[in-house]
Amino acid sequence: MDVITFGETMVNFAPGTAGPIETVHTFEKRIAGSETNVSVGLARLGHRVAWVSRLGDDGFGRFVYKTVRGEGVDVSGVIFDPDAPTGLYFKEYLGGGRTQVHYYRRGSAASRLRPGDVDLDRFPQARFLFASGITPALSESCRQTAERAIESAAGRGMTVVFDPNMRRKLWSEDEARPILRRLAAASHLVLPGIDEGEILTGSTDAERIAAELLQGRTQAVVVKLGPEGAYYRTVDGQSGYVAGFRVDQVDEIGAGDAFAAGLMSGLLDDLPLPEAVRRACAMGALAVTGIGDYESLPYRRDLEAFMAGVAQATR
Ligand code: KDG
């Protein structure tokens, strides 16, 4: 296994048409969850990845399970929980590629994840653990699960990658800040957007955000700048901007997860950090070109063609 991740994946109901949700009559049933988006991104690029979670022992849970497994992700660590449902979320398309989300996930099976569920002994060769700041927002036991998994992975010499993934519908900035700061400092590689950087550091400047988050165990910070690309800085003094890719945005959700998948893919392929960041930017761009949180993630050949010049850089 190359990468292990854990967290909630929900059934996602995507509207058949744009507009206010009360005027939409049809929805398509899909799946979505930050960690499975990342997993699918990695699997489509040919990496070996496992996702650990709890799902309701219901039709929605089986739908999520089969879909993730169908993408080539190891789901052997997924637990079906008979006492809680699979989480759901509905999207609302606001126009211009903007999307609003509505969660029905309180008390879901995944919110009952507990530390023993993420058993890294099952994956002794894994190189990376990917953790998202969504999991600690779900419940106290999920927060403990995230903390324990990060510590345990670091203790085994794995590289821990952390995306703060602030979700204002799950918790407030004041609730999130100390917990996300702690998890970031316990991780080797931290991937904030500018908005998350501002929550964590009070600054909207990518260079200041990166400098301030280089703390504790953190070896590198990569600040996502949307279509503009990304800024990276390492503890040993490397830093720089990497250009983004220009695409027509259809559905903005999932770009950050694609970015994380691209970055880990580059590092697994032993690319130097700036090249891994460039792969991450390309993945983020491709992810927003179609409807769905993971569906537009490319296979390796498509990614290589895109990076070879099909698209135009913005810098
Ligand atoms: O990053 C995209 C995810 O946020 C989305 O797929 C669903 O995991 C999700 C969440 O909690 O919003």
(request) Could you tell me whether LEU297 is part of a loop (DSSP other than H, G, I, E, B) and open to solvent by less than 30 Å² (accessible area, probe 1.4 Å)? (result) yes
(message) Pull out all pairs, ordered by first then second residue, where Cβ-Cβ is under 7 Å, the residues are six or more apart or on different chains, the first lies in segment 114-132 and is without any contact (Cβ under 8 Å) to a residue 40 or more places away in the chain, and the second is among the hydroxyl-bearing types (Ser, Thr, Tyr) and surrounded by fewer than 20 Cβ atoms within 10 Å (Cβ to Cβ).
(response) ARG114/SER141
(request) Check off (1) open to solvent by 30 Å² or more (accessible area, probe 1.4 Å); (2) among the charged types (D, E, K, R); (3) modelled with pLDDT of 95 or more for ASP257 and give me the number that stays unchecked. (result) (1)
(request) Within segment 240-249, identify whether any single residue is within 22 Å of LEU297 (Cβ to Cβ), within 16 Å of the ligand (Cβ to nearest atom) and assigned to a loop (DSSP other than H, G, I, E, B), and answer yes or no. (result) yes
(request) Take LEU55 and decide whether it is part of a strand (DSSP E or B), open to solvent by less than 10 Å² (accessible area, probe 1.4 Å) and more than 23 Å from ALA154 (Cβ to Cβ). (result) yes
(request) Could you list all residues from segment 1-40 that are within 16 Å of the ligand (Cβ to nearest atom) and touching a Gly at 6+ places or on another chain (Cβ under 7 Å)? (result) GLY7, GLU8, THR9, MET10, ALA14, PHE27, GLU28, ARG30, GLY33, SER34, GLU35, ASN37
(message) For the structure I just gave you, tell me whether ALA14 is in contact with a strand residue (DSSP E or B) (Cβ under 7 Å, 6 or more places away or on another chain), at pLDDT below 95, within 20 Å of VAL288 (Cα to Cα) and not in a loop (DSSP other than H, G, I, E, B).
(response) yes
(request) Check GLU92 against each of (1) of a type in the set (Asp, Glu); (2) surrounded by 14 or more Cβ atoms within 10 Å (Cβ to Cβ); (3) part of a helix (DSSP H, G or I) and name the one condition it does not meet. (result) (3)
(request) Kindly indicate which of ALA258, ALA184 is outside any strand (DSSP E or B), touching a helix residue (DSSP H, G or I) at 6+ places or on another chain (Cβ under 7 Å) and within 16 Å of the ligand (Cβ to nearest atom). (result) ALA258
(request) Give the residues of segment 115-157 that are under 18 Å from THR36 (Cα atoms) and either out of contact with any Ser or Thr (no Cβ under 8 Å at 6 or more places or on another chain) or in a loop (DSSP other than H, G, I, E, B) (or both), sorted by residue number. (result) VAL118, ASP119, PHE123, ALA126, ARG127, GLY133, ILE134, PRO136, ALA137, ALA149
(request) Scan segment 24-40 and report the pairs whose first residue is more than 17 Å from THR86 (Cβ to Cβ) and whose second residue is part of a loop (DSSP other than H, G, I, E, B) and within 12 Å of the ligand (Cβ to nearest atom), with Cβ atoms within less than 6 Å and a gap of 6+ or a chain change. (result) VAL40/TYR294; VAL40/LEU297
(request) Spot the failing condition for GLU252; the list is (1) within 16 Å of the ligand (Cβ to nearest atom); (2) open to solvent by less than 60 Å² (accessible area, probe 1.4 Å); (3) touching a strand residue (DSSP E or B) at 6+ places or on another chain (Cβ under 9 Å), and only one is missed. (result) (2)
(request) Tell me, please, whether a residue that is buried (at least 16 other Cβ atoms within 10 Å of the Cβ), under 19 Å from the mean Cα position of the chain (by Cα), touching a residue at least 40 places away in the same chain (Cβ under 8 Å) and in a helix (DSSP H, G or I) can be found in segment 161-179. (result) yes
(request) Take the residues in segment 120-142 that are more than 15 Å from the ligand (Cβ to nearest atom) and closer than 28 Å to TYR103 by Cβ, then tell me which one is most open to solvent (accessible area, probe 1.4 Å). (result) GLU140
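The values are calculated or read from the model by the stated rules, or taken from the named source; none is laboratory data. All values reported here derive from a predicted model rather than from experimental measurement. Cβ sites come from the backbone with ideal geometry, for glycine too, and all protein chains shown count toward neighbours. Side chains are part of the model used for accessible areas, which takes the heavy atoms of the whole protein and leaves out ligands, DNA and RNA. Shrake-Rupley method; radii C 1.70, N 1.55, O 1.52, S 1.80 Å.
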